[in-house]
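Notes follow once the structure below has been shown.
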Amino acid sequence: MVSRKLRMGMIGGGTGSFIGDVHRRAASIDGMIELVCGAFSSNPEKSIASGKALFLPEARCYSSFEEMILKEKELPEFERMDFVSIVTPNHMHFPPAKMALENGFHVVCDKPMTLTLDEAYQLEKVVEQSGKLFALTHNYTGHPMVKQARAMVAHGDLGTIRKIQVQYLQGWLSTAVEKTENKQASWRVDPKRSGIGGALGDIGTHAENLVEYITGLKIDELAADLGRFGEGRILDDDGNILLRMDNGAKGTMSISQIALGEENNLAIKVYGDKGSLEWHQEEPNKLITHSLDKPIKTFTPNGNDLYPAALETSRIPAGHPEGYLEAFATIYKNFAQHVLAVLNGELGGNADYPSVKDGIRGMQFIYASVESDENNASWIKLG
């Protein structure tokens, strides 16, 4: 019976990285995971220095992800890492994920899953052939009130879904920050490192994933009108997209990283023939619902009438804020529970986390949106 913390290796996320620190904090929240090794940068000196700054033994601070995977594989089973967390720019998601899986390690990867759609299909095959677990960090699905929204739709509380509105608005690229020392901006506007989608890949895939996760429906086709407002930008930094769902429901999506004044305005509204709901990421503890025959109701974590999926996700006493890091931690917690179940030869484990199939949906969404925009916002099928 395996009963211990899982050992995590990290690829990327070295000194100066924003998202690496987020992943490390989130992975540690529930006390199920410990960082034991890493290849934190493509620069060997910076990688080793980053590992030492995190108080890792020098022998577990690696110069490259290739070295890390091969050397960790040689360690005794009781010492080697159990899984890797990949927190690099998009172009460096596929190579280490593929190598880790093929060498017997489970994988957690940041989104979007790969640089290209072809890589996404290849990775799906690698996951299937390896028999290892793969999680994608669409962290917003980890909020208790998002779990509640999904459960309400699944239990028929809203009836048949007819309309969806989703937005993800930011303003941090309103000026040419990529021409300064802002490394987060520089790689996101570079097609060689970001892929064919700019805002589409960075925030659009979150909006797409949230729509499909909450409603249980699939986007069947879309029509996208994308903008490139930043001077000299090749990739989209703004977009408006019409959605047709596989049950006939209609939807709209608005994404932007040049919406001056917006911080992280992710919000979704779902309308059925019996009721509706709305959730705002900047006020994540509130899920507002309407129905035909009942007053407006606002659900909160640890409140009354919550479905088990929401109750089980909340960690904090009622009335206390629960947000970004906790939602991220839910992905890691559910993944860790699943890994432990596998290590113990069990068929169970909480698989409520985004998978390689969600990663493919995200890449299909990016490619369909770009194709639509290039053809005067024509309707394009996903997949």
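Readers should treat all values here as calculations from the given coordinates under stated rules, not as data from a laboratory. Values in this document were obtained by computation on a predicted structure and should not be read as measured data. A quick note on method: Cβ atoms are made from the backbone with ideal geometry, for glycine too, and the neighbour counts reach across all protein chains shown.
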Report the relative contact order of region 6-132, percent, no decimals, based on alpha-carbon pairs under 8 angstrom and at least 6 residues apart. 23
Going down the table (Lys250/Lys357; Lys111/Lys381; Lys125/Lys250; Lys111/Lys147), which pairs top 26 Å between alpha carbons? Lys125/Lys250
Could you please report the charge total around Phe65, scoring K, R as +1 and D, E as -1 over all other residues with beta-carbon less than 12 angstrom from its beta-carbon? -1
On the formula 1/(1 + (r/R0)^6), with r taken between the Cβ atoms of His280 and Lys163 and R0 of 25 Å, the FRET efficiency rounded to 0.05 is 0.90
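If I take every Cα pair under 8 Å that is 6 or more residues apart in the chain, average their sequence separation and divide by the length, what percent do I get for the relative contact order?
Relative contact order comes out at 19 percent.
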Could you work out how far apart the two model spin labels at Ala318 and Leu292 are, taking each label as a point 7 Å from the Cα in the direction of the beta carbon, and quote it in nm? 3.0
In terms of Cα to Cα distance under 12 Å, which aspartates and glutamates are near enough to Lys71, apart from those fewer than 8 places away along the same chain? Glu79
Summing Lys, Arg as +1 and Asp, Glu as -1, what charge do residues with Cβ under 12 Å from the Cβ of Ser291 carry, Ser291 excluded? 0
Calculated log₁₀ intensity ratio I(q)/I(0) where the Debye formula runs over C-alpha points of region 6-132, q = 0.12, 0.16, 0.19 Å⁻¹: -0.40, -0.72, -1.03
Past 22 Å, Cα to Cα, is the threshold; run Lys46/Lys183; Lys163/Lys218; Lys5/Lys46 against it and keep the listed order. Lys5/Lys46
Label zone at Ser3, where the point sits 7 Å out along the Cα-to-Cβ direction: region 317-339 residues whose backbone N lies under 19 Å: 336-339
For the pair Asp273 and Ala49, what calculated FRET efficiency results from E = 1/(1 + (r/R0)^6), where r is the Cβ-Cβ distance and R0 = 51 Å, to the nearest 0.05? 0.30
Filter the chymotrypsin sites (Phe, Trp or Tyr not before Pro) in region 32-89 down to the DSSP loop ones having no more than 14 other Cβ atoms within 10 Å, then list what survives. Phe55, Phe78
